[in-house]
Amino acid sequence: MKPVSAEPKDLEHFLGVANKAVDLAAEVLRDKFGRVEARLKGHADFVTEADTESQRVVCEAIRAEFPDHGFLGEEGGEFPPELNSAYFWILDPLDGTTNYVHGVPFFSISLALACKDEILVGVVLDPMLNERFTAVRGGGAYLNGRPIHVSSVAALEEALVSIGLPPRVMPESSDVQWMVQSAVHCLSLRRTGSAALNMAYLAAGRFDISWALTTKAWDVAAGSLLIQEAGGIVTNLRGEPLGVRGGPYVAAANRALLEEFFRAVRSAC
């Protein structure tokens, strides 16, 4: 295996390639917005030609620059057990497909670069608002080039919470219980339909807590780095650091707020 390098100049180069790749995807999504046909992957779980085309252009742009890098995307690819390079990219080419299909202009492209068990680079781009959230490991988080930081909210009753629900929700599901407890103990709730933007908004101080119990690696890889670099905390459901393979997450502006939220939810669920 080739030696792993993550010098600042390397990270900036990786970020530059990531930005170019998501720009290509943004052109695809804007061009097809309002005129796509969708097919169902599962109950209320859509995939469109925009998803697949967005993933194709990102993948081609990355592989042209880094042909030996691995690739994991929502519409194909999987975690590489062993590669010539330790690097692999994690992509959600259209996070918020249900919004997209219904003409709701709130969706994003999420792209991250991982090295073994660490996320090094993250980009979340909102093509409609032209908001680009970026981070590199150890370099802070930014919105359109300006530094961003999580909020200073410290009390649960003051926290604005973004939640993520699966395509099918049953009355007895944990998601519903978490949603109820969030509504009871926090200021207010938002369900936006894009986990990546939920996490980016937390990094920018717009949300104070964010959680989702059914997310995958491509939903949260870039967002988790954004939150960490913006001074926040993101964990799995046991309060442990969220790994590169993603999964259910809870994020908050600070550790005290996270622990207060966990206590409130777990006492009732």
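The residue that is surrounded by the most Cβ atoms within 10 Å (Cβ to Cβ), counting only those in segment 128-144 that are under 15 Å from the mean Cα position of the chain (by Cα) and not hydroxyl-bearing (Ser, Thr, Tyr), is 135.
Report whether or not residue 146 is more than 22 Å from residue 253 (Cα to Cα) and of a type in the set (Lys, Arg). I'd like the intermediate steps shown before the answer.
Details: more than 22 Å from residue 253 (Cα to Cα): no; of a type in the set (Lys, Arg): yes.
So residue 146 does not fit the description; no.
Inspect all residues belonging to segment 198-210 and state whether any of them is in contact with a helix residue (DSSP H, G or I) (Cβ under 6 Å, 6 or more places away or on another chain) and of a type in the set (Val, Ile, Thr). Yes, segment 198-210 contains at least one residue that is in contact with a helix residue (DSSP H, G or I) (Cβ under 6 Å, 6 or more places away or on another chain) and of a type in the set (Val, Ile, Thr).
Scanning segment 248-262 for residues that are open to solvent by 10 Å² or more (accessible area, probe 1.4 Å) and either within 17 Å of residue 122 (Cα to Cα) or of a type in the set (D, E, K, R) (or both) yields 255, 259, 260. Do we have residue 265 as open to solvent by less than 40 Å² (accessible area, probe 1.4 Å), touching a strand residue (DSSP E or B) at 6+ places or on another chain (Cβ under 9 Å) and in a loop (DSSP other than H, G, I, E, B) here? No; evaluated as a whole, the condition is false for this residue.
Here is a list: 206, 245, 238. Which entry is within 20 Å of residue 104 (Cβ to Cβ) and part of a loop (DSSP other than H, G, I, E, B)?
Numbers: 245 fails: within 20 Å of residue 104 (Cβ to Cβ); 238 fails: within 20 Å of residue 104 (Cβ to Cβ).
Within the list 206, 245, 238, the selection yields 206.
Of the listed requirements (1) assigned to a loop (DSSP other than H, G, I, E, B); (2) open to solvent by 60 Å² or more (accessible area, probe 1.4 Å), residue 157 misses just one: (1).
Residues checked against (1) in contact with a helix residue (DSSP H, G or I) (Cβ under 6 Å, 6 or more places away or on another chain); (2) hydroxyl-bearing (Ser, Thr, Tyr); (3) in a loop (DSSP other than H, G, I, E, B):
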| site | (1), (2), (3) |
| --- | --- |
| 92 | yes, no, no |
| 100 | no, yes, no |
| 106 | yes, no, yes |
| 128 | no, no, yes |
| 139 | no, no, yes |
| 142 | no, yes, no |
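Would you confirm, using the coordinates I've provided, whether residue 61 is modelled with pLDDT of 95 or more and open to solvent by 10 Å² or more (accessible area, probe 1.4 Å)?
Working: modelled with pLDDT of 95 or more: yes; open to solvent by 10 Å² or more (accessible area, probe 1.4 Å): yes.
Yes, satisfied.
The values are calculated or read from the model by the stated rules, or taken from the named source; none is laboratory data. The shown structure was predicted, so the numbers you read here are calculated from the model rather than taken from an experiment. Ideal geometry is used to build each Cβ from the backbone, glycine not excepted, and the neighbour counts take in all protein chains shown. Calculation scope for accessible area: heavy atoms of the full protein, side chains included, ligands and nucleic acids excluded. Shrake-Rupley method; radii C 1.70, N 1.55, O 1.52, S 1.80 Å.
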